[in-house]
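Participant: Could you have a look at this structure, given as structure tokens, before my questions?
No value in this document is a laboratory result; all are computed from the given coordinates. Being a predicted model, the structure only gives us computed values, none of them experimental. Using ideal geometry, Cβ is built from the backbone for each residue, glycine included, and neighbour counts are taken over all protein chains shown.
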Amino acid sequence: MDPFSILPSLVQTEIFVHLQSDISVKQVIQASPSMLWHFIAYKKSILRCIMYGILNGDTSGDLLRDALGIIYISDKASAKRYRQTEMWKTMELPETLDLEQLEALWHIISHMIIFIEDYVSKATSECPPQAYLGILDLLNGSGSYFKRQRLDTNAVRFPSLTGAERYRFLPAFTRHELICRIYYPLPRTSTEADAVKRQVIEISEGTELMTLLSVHQYYRNAIDIGLRYAA
């Protein structure tokens, strides 16, 4: 028997809104036919509620603008246009979001949430040296693993963070992702590198720089650990 089938429609919607991330939603709809049907039938309104809850604290619109910038940058040419026209400042925000935009934003923000949960879980671990050796399970969002064994780290979930914490980490992770999209591949000469540094500082205005640097260090550590395992 599907226990979700007896729930009122509004309660089913609230469950999806509380879950927020696409991985969590995927797990529920795979386990429950009634939740799958409900998600398909009311997808646009569900995603609108999820994104409204996440973006509610984005009073400046910078988080939404950064996420839309990530969607916009699909290749080197679009990255160049974004950079040359300074679209991180000039991009106009849509009055309403269509289903395609909602889905794209949801997947991007969900991706950021997985990293944020791992970042905070490792930072607050009782044994940080061991926690930072873990490789994040991006496919299922089931935590970090070391030598194929799940680390016994208390997982910190995004909804459990305070509003201030969520809107400290989410803009920083999203801005970091945007910067990586804009400047990939990395500059080859010192002159190019200096120009990039100046523009990155300009783009980073309005974001907590120390948090952004911490996010960068988190990714560098993850890459180093991944390369160590692959060697």
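Participant: So what's the back-of-envelope 222 nm ellipticity for the chain, counting only DSSP H runs of four-plus at -39500 (n - 2.57) apiece and dividing by all residues, rounded to 500? Don't skip to the answer; put the middle values down first.
Facilitator: Details: 12 runs with 152 residues, N = 231.
That calculation yields -20500 deg cm²/dmol at 222 nm.
Participant: Karplus couplings for region 129-146 from phi (6.51 cos²θ - 1.76 cosθ + 1.60, θ = phi - 60°), rounded to Hz, Gly and Pro as x?
Facilitator: x, 6, 4, 6, 7, x, 9, 6, 7, 6, 6, 10, x, 9, x, 10, 10, 10
Participant: Rounded, prolate or oblate: which fits region 104-171, taking a ≥ b ≥ c as square roots of the Cα gyration tensor eigenvalues, rounded meaning a/c under 1.5, else prolate when a/b beats b/c? Could you put the intermediate results ahead of the total?
Facilitator: Details: a/c = 2.58, a/b = 1.41, b/c = 1.82.
Verdict is oblate for region 104-171.
Participant: Roughly how big is region 66-190's charge dipole about its Cα centre, with Cβ charges of +1 (Lys, Arg) and -1 (Asp, Glu), in debye to the nearest 20? It would help to have the intermediate numbers written out before the result.
Facilitator: Values: 15 positive and 15 negative charges, 126 e Å.
Value, rounded to 20: 600 debye.
Participant: Mind listing the phi-derived Karplus ³J(HN,Hα) values for region 152-165, rounded to whole Hz, using 6.51, -1.76 and 1.60 with θ = phi - 60°, and x for any glycine or proline?
Facilitator: For region 152-165, the Karplus curve yields 7, 10, 5, 6, 9, 8, 4, x, 7, 6, 6, x, 5, 5 Hz.
Participant: Something else about it: Rank the residues Glu86, Glu103, Glu177 as a footprinting-exposure proxy: fewest other Cβ atoms within 10 Å of their Cβ go first. Walk me through the numbers on the way to the answer.
Facilitator: On the way: Glu86 12, Glu103 16, Glu177 21.
Ordered from fewest to most neighbouring Cβ atoms within 10 Å, Glu86, Glu103, Glu177 come out as Glu86, Glu103, Glu177.
Participant: Taking other Cβ within 10 Å of each residue's Cβ, how do Ile116, Ile223 sort, fewest first?
Facilitator: Details: Ile116 25, Ile223 10.
The fewest-first ordering by Cβ neighbours comes to Ile223, Ile116.
Participant: A further question on this structure: Quick one: which residues, 5 or more positions from Val156 or on another chain, have an amide H under 5 Å from its amide H? H modelled 1.01 Å from N in the peptide plane, none for Pro or chain starts.
Facilitator: Ser121
Participant: Okay, next question. Near Lys76, which aspartates and glutamates are there with a Cα under 18 Å away, not counting those fewer than 8 places off in the same chain?
Facilitator: Hits, sequence-local ones excluded: Asp66, Glu86, Glu177, Glu192.
Participant: With θ taken as phi - 60° and the coefficients 6.51, -1.76 and 1.60, list the Karplus ³J(HN,Hα) couplings across region 210-220 in order, rounded to whole Hz; mark glycine and proline as x.
Facilitator: 5, 5, 4, 5, 5, 4, 4, 5, 4, 5, 4
Participant: Please tell me which of these pairs span more than 32 angstrom C-alpha to C-alpha: Lys26/Lys89; Lys44/Lys122; Lys26/Lys147? Walk me through the numbers on the way to the answer.
Facilitator: Details: Lys26/Lys89 34 Å; Lys44/Lys122 34 Å; Lys26/Lys147 27 Å.
Violating the 32 Å limit, Cα to Cα: Lys26/Lys89; Lys44/Lys122.
Participant: Ok, one more. What residues have an amide H closer than 5 Å to that of Tyr145, excluding those fewer than 5 places away on the same chain, when H is modeled at 1.01 Å from N in the peptide plane?
Facilitator: Residues meeting the criterion, in which the H sits 1.01 Å from N, are Ile135, Leu136, Asp137, Leu151.
Participant: Which of Asp224, Asp62, Asp75 has the fewest other C-beta atoms within 10 Å, and how do the rest follow up to the most?
Facilitator: On the way: Asp224 11, Asp62 18, Asp75 7.
Taking fewest neighbouring Cβ atoms as first place, the list is Asp75, Asp224, Asp62.
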